[in-house]
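Just below is one structure, and these are the notes that go with it.
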Amino acid sequence: MKTPQRIQPLINDGLIDEVISQLMSGKEATVYMVRSGTNIRCAKVYKEAIKRSFKKAAQYQEGRKSRNSRRSRAMEKGSSYGREQQEQAWQTAEVDALYKCDEAGVRVPTPYGCFEGVLLMELITDAQGDVAPRLNDVILTEAQACRDHATMMNYITRMLCAGIVHGDLSEFNVLLDAQGPVIIDLPQAIDASANNNAKAMHARDVNNMTRYYSQFAPQLKHTQYAKEMWHLYEKGDLLPETELTGLFAEDTHSADVDSILDEIQAAYEEEQARRERINDAIDQ
């Protein structure tokens with residue numbers, strides 16, 4: 001196929017030899033299958049901010065810090081230089097999150113670097129060597145659903161222990177290969193301790209996955225992994241090897257009206273986001 005303009009510099013530099021095909025086009029990027037020597041990889045080309053439809057980006061960028069004080073001030077002021085640096089930070093955030101997840105024992109595509117707004121990374125394939133399907137496109141047995149849900153809860157635990165919340169986790173950004181689920185799409189990953197939205201986003205991630213798997217294993221539907229996980233995290237008792245139960249006893253001594261309202265609002269936003277993901281999947 002014709003080489004996209006944004007990928008041409010990587011071909012010129014010898015990082016990519018050939019663009020084979022387009023895999024998908026989403027709200028923040030277009031992904032291509034490419035050849036690098038004898039390896040088949042994927043290249044994620046980030047869309048410019050003005051063309052990107054990712055909503056509420058400010059919520060995700062809260063807490064992201066730059067080690068360069070001049071850069072931080074420019075980003076806060078919103079100058080042209082600051083906007084340029086903010087865009088670069090958005091693009092490199094996924095690379096940083098991928099490395100942290102890999103170190104934490106979470107299955108993600110191996111990154112090979114981000115060049116000129118193009119993330120070069122591992123192509124996840126199935127047992128036949130074809131591109132691995134998204135979780136949304138597969139039918140699971142009850143046993144598979146229970147097994148993979150447990151795996152995802154462990155991955156989310158490990159991410160939280162590493163200080164990361166995915167922030168947009170659903171069946172649309174998890175791939176399934178012969179070894180199990182692989183988490184993708186992390187440009188919006190947030191700092192669990194520095195972002196005020198972390199608790200709500202973490203709950204949404206967990207509940208999205210539980211809702212999906214409970215279609216095949218109804219016994220998962222009423223589990224409380226999000227609350228159990230965050231409670232342990234806040235107490236400093238959450239470890240990568242923590243064995244979760246899915247049980248959580250609510251404190252009934254006093255009603256926290258603000259928390260209840262926050263949960264209602266989070267549920268509403270979760271449903272809106274779910275509908276947007278479905279629409280995006282239909283459009284691709």
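The values are calculated or read from the model by the stated rules, or taken from the named source; none is laboratory data. It should be emphasised that the depicted structure is a prediction, and the values quoted were computed from it without experimental measurement. Neighbour counts are summed over all protein chains in view; Cβ atoms, including those assigned to glycine, are modelled from backbone coordinates with ideal geometry.
Within the stretch 189-201, none of the residues are surrounded by fewer than 16 Cβ atoms within 10 Å (Cβ to Cβ), within 30 Å of Leu120 (Cβ to Cβ) and over 18 Å from the mean Cα position of the chain (by Cα). Of all the listed residues (Asp177, Asp280), the sole one being at pLDDT below 95 and either within 21 Å of Gly105 (Cβ to Cβ) or surrounded by fewer than 20 Cβ atoms within 10 Å (Cβ to Cβ) (or both) is Asp280. Pairing each residue of the stretch 136-152 that is of a type in the set (Asp, Glu) with any residue that is surrounded by 13 or more Cβ atoms within 10 Å (Cβ to Cβ), provided the two are 6+ apart or on different chains, yields C-beta distances under 6 Å for Glu142/Phe216; Glu142/Ala217; Asp148/Gly180; Asp148/Pro181. Before we move on, is Ser72 part of a loop (DSSP other than H, G, I, E, B), modelled with pLDDT under 90 and surrounded by fewer than 18 Cβ atoms within 10 Å (Cβ to Cβ)? No; evaluated as a whole, the condition is false for this residue. Could you tell me how many of the residues in the stretch 1-19 are surrounded by 17 or more Cβ atoms within 10 Å (Cβ to Cβ) and β-branched (Val, Ile, Thr)? Looking only at that region, the number is 3. Scanning the stretch 76-115 for residues that are of a type in the set (Gly, Ala, Ser), at pLDDT below 90, surrounded by 16 or more Cβ atoms within 10 Å (Cβ to Cβ) and farther than 26 Å from Ile16 by Cβ gives a single hit, Gly82. Residues in the stretch 110-142 that are in contact with a helix residue (DSSP H, G or I) (Cβ under 9 Å, 6 or more places away or on another chain) and more than 22 Å from Tyr212 (Cα to Cα): Thr110, Pro111, Gly113, Cys114, Phe115, Glu116, Gly117, Val118, Leu119, Leu120, Met121. Restricting the first member to the stretch 225-247 and to residues that are in contact (Cβ under 8 Å) with a residue 12 or more places away in the chain, and the second to residues that are among the aromatic types (Phe, Trp, Tyr) and in a loop (DSSP other than H, G, I, E, B), the beta-carbon pairs closer than 6 Å and six or more apart or on different chains are Lys227/Phe248; Glu228/Phe248.
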